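The values are calculated or read from the model by the stated rules, or taken from the named source; none is laboratory data. Computed from a predicted model, the values in this text were never measured in an experiment. No Cβ is skipped: glycine too gets one built from the backbone with ideal geometry, and neighbour counts run over all protein chains shown. These area figures cover heavy atoms from the full protein model, side chains too; ligands, DNA and RNA do not enter into them. Shrake-Rupley method; radii C 1.70, N 1.55, O 1.52, S 1.80 Å.
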Amino acid sequence: MCETDPKQTEDIQRINKLMDALALQREIDLDRRWQGLRRKILRIRRRQRILPFLRNAAAILLIPVLIAGFLYVRSLRNSMTPEAPVAQITVTAACGQISKIILPDLSEVWLNAGSALTFPQRFAGGRRTVRLSGEAYFAVKADANNRFDVRTDDSLTVSACGTEFNVCAYRGDTTLKVTLAKGQVEIDSPGRQKPAVLQQGQQLAYSRINRSFVCADINLYVETAWREGKLVFRRTRMTEIVKQLSRRFNAEIELTDQDLYDYEYSATFTTESLQEILSLLEKSAPICCRIVEPKQGLDFAYSKRAVTIRTKKNDER
């Protein structure tokens, strides 16, 4: 019996294993496996490209949904909550001053001394309404769809769409005056069947005593020069001159003689002081003016400057 060489046996076993591995390798379809792997790689790449697009598309589609939801909630809230009232603003021009105001609609207003204007912080509801006590010149911004109304303490309403006019409605005056500089205005009062209509260069005088209207042509420069800081008198009665001087210079001026009431003056004053104006009046008429300067009271406040005007014949007595 022949003995087997161990090394030879080991080599034969190794060769058999290699033959088995080669047989298994020949059974594998490499081309089919490669095509399967390639399809898997393509699917992964396609998914990587589609996912960012889907995320962006979802974000874009979500924005209109959010906006629509916000608008719906806001409209629902507005329908359930009443609108907050609009704040009112009051501007006052002290005696001796002229103030200029720009309204919310960009209309311009010149406010004369001793006057007050009240208006809303913003105009709403299709009307532009302000309240006046005193005198003001209005340059109204044109707006055919929203009328501009000036209301006075007498419930008198001056209405326009876009024009320039002057309203003089001081408390204590027996007559209220509306002067039209440009365009057209309507003036209405309670109980009146239809409003009065003014044309350029006309003035309406409203009597607070008998509630009547009188319309007449006037000198526009005389009525509106005050907004330039001028005092213009054309055959003006002394009572009216005293009234305007009192407001301009914050003084208490008294006519002690009734004979002075019907005195008439024609003059134009620009930068003159009260003392200079009174001196000029004395030179043009037989009158005498005396000024009492302000005095400090017990409460440390100063009184108004006081002026008395009388005829020279009474002053000599």
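Numerical summary
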| quantity | calculated |
| --- | --- |
| Positions within the stretch 240-260 being more than 35 Å from the chain's Cα centre (by Cα), over 15 Å from L281 (Cα atoms) and open to solvent by 40 Å² or more (accessible area, probe 1.4 Å), in sequence order | E252, T256, Q258, D259 |
| Residue, most open to solvent (accessible area, probe 1.4 Å), within the stretch 172-221, restricted to residues that are in contact (Cβ under 8 Å) with a residue 40 or more places away in the chain and assigned to a strand (DSSP E or B) | K177 |
| Evaluation of L281 against (1) surrounded by 11 or more Cβ atoms within 10 Å (Cβ to Cβ); (2) modelled with pLDDT under 80 (one fails), failing number | (2) |
| Residue satisfying condition, being modelled with pLDDT of 90 or more, surrounded by 15 or more Cβ atoms within 10 Å (Cβ to Cβ) and of a type in the set (D, E, K, R), within set R151, R122 | R151 |
| Checklist (1) farther than 22 Å from K194 by Cβ; (2) within 15 Å of the chain's Cα centre (by Cα); (3) in contact (Cβ under 8 Å) with a residue 24 or more places away in the chain; (4) open to solvent by 10 Å² or more (accessible area, probe 1.4 Å) applied to E135, failing item | (2) |
| Count - residues of the stretch 261-278 that are surrounded by 16 or more Cβ atoms within 10 Å (Cβ to Cβ), of a type in the set (A, V, I, L, M, F, W, C) and out of contact with any Asp or Glu (no Cβ under 9 Å at 6 or more places or on another chain) | 3 |
